[in-house]
Amino acid sequence: MSTKHSSGLGARLGDSVWYVYVALVALFLMTPLVSLVIASFYDGRFFSIVDYEFTLGWYEAALTSGSVRGAFTNTVYISVPVTILSTVIGTAAAIAYTRYEFPFREQFKLFALLPIFFPLILLGLGMSMWASQINLGYGIVPSIIGELVWISPIVMFVVSITALGIDPNIEEAAKDLGADTVTLYRQVLLPLIADGVVSGAIFAFVLSWNNYYIVSYLSGPQSTITTWIHGRMTQGFTPVVPAVASLIFYVSILLVIGAAVLEYRSVDESS
């Protein structure tokens, strides 16, 4: 009896240590972002905890600034097409990899995922040189193309996780019941991987929304929200910058939470 009690106590202690460790790691990772949010509400040009005073003035200044609104608009013009196109491309690639057998299948996966492993600064520089060589120019369209190269493989990876968990016998049963290819995809396969597709789309939007290195090389005179922040910081600190950065953080964290909820729901349904 004492042995079982000791083992149970040891297991609970081990779980507690693990939870504390995870909490400390999360605290370490979130501290810079929380500090940014706190600074965005500080009523003063130079941050100080001693005489901290709360204000929403910097958010008002950010939302009424023409340059900030223009940067947000350009960011949306890039992020929305990137989200749609990368979701279509990544989902198609995920279905091809997980549901079909073809020559060099594993090599296809490695080649498709290759852009993920390159530093973004090198990828952005390479895309900039490529755009210059083919006279594509710089602006919204080149930025969309450049981000697609990086984000589409990530969507493929996210959707593949869901697609690999689907029993192939379900598709075979649908075919035996007379379902053609269009019906199979529309009524069987796509509904089964819908949560993975939505999660991939959310991650695509977040990654495009927060991207700096690729758009800094390809956007040209068109300022996005990340390049705007970098430009203002190089000109000298202003409290509007933490407010704008915090707005990006709020959008990103809401979307990531949405993706996590979809992922947990998918796991619960499959179990």
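Details
- Failed condition for residue 164, given (1) surrounded by fewer than 17 Cβ atoms within 10 Å (Cβ to Cβ); (2) under 20 Å from the mean Cα position of the chain (by Cα); (3) more than 24 Å from residue 216 (Cα to Cα): (2)
- Test: residue in region 198-218 that is in contact with a Phe, Trp or Tyr (Cβ under 9 Å, 6 or more places away or on another chain) and closer than 21 Å to residue 60 by Cβ: no
- Test: residue in region 76-97 that is more than 28 Å from residue 218 (Cα to Cα) and open to solvent by less than 20 Å² (accessible area, probe 1.4 Å): yes
- Among the criteria (1) open to solvent by 30 Å² or more (accessible area, probe 1.4 Å); (2) without any contact (Cβ under 8 Å) to a residue 24 or more places away in the chain; (3) within 30 Å of residue 42 (Cβ to Cβ); (4) not small (Gly, Ala, Ser), the one residue 213 does not fulfil is (2).
- Tally of residues being at pLDDT 85 or above, over 16 Å from the mean Cα position of the chain (by Cα) and farther than 14 Å from residue 61 by Cβ across region 232-255: 0
Okay, residues lined up against (1) open to solvent by 10 Å² or more (accessible area, probe 1.4 Å); (2) free of Cβ contacts under 8 Å to residues at least 12 places away in the same chain; (3) in a loop (DSSP other than H, G, I, E, B):
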residue: 179; (1), (2), (3): yes, yes, yes
residue: 182; (1), (2), (3): yes, yes, no
residue: 203; (1), (2), (3): yes, no, no
residue: 220; (1), (2), (3): yes, no, yes
residue: 227; (1), (2), (3): yes, no, no
residue: 233; (1), (2), (3): yes, yes, no
residue: 242; (1), (2), (3): no, no, no
residue: 256; (1), (2), (3): yes, no, no
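The values are calculated or read from the model by the stated rules, or taken from the named source; none is laboratory data. Remember, predicted model here, so these are calculated numbers, not experimental data. Methodologically, a virtual Cβ is constructed for each residue, glycine included, from the backbone with ideal geometry; neighbour enumeration extends over all protein chains shown. Surface accessibility is based on the protein's heavy atoms, side chains included, excluding ligands, DNA and RNA. Shrake-Rupley method; radii C 1.70, N 1.55, O 1.52, S 1.80 Å.
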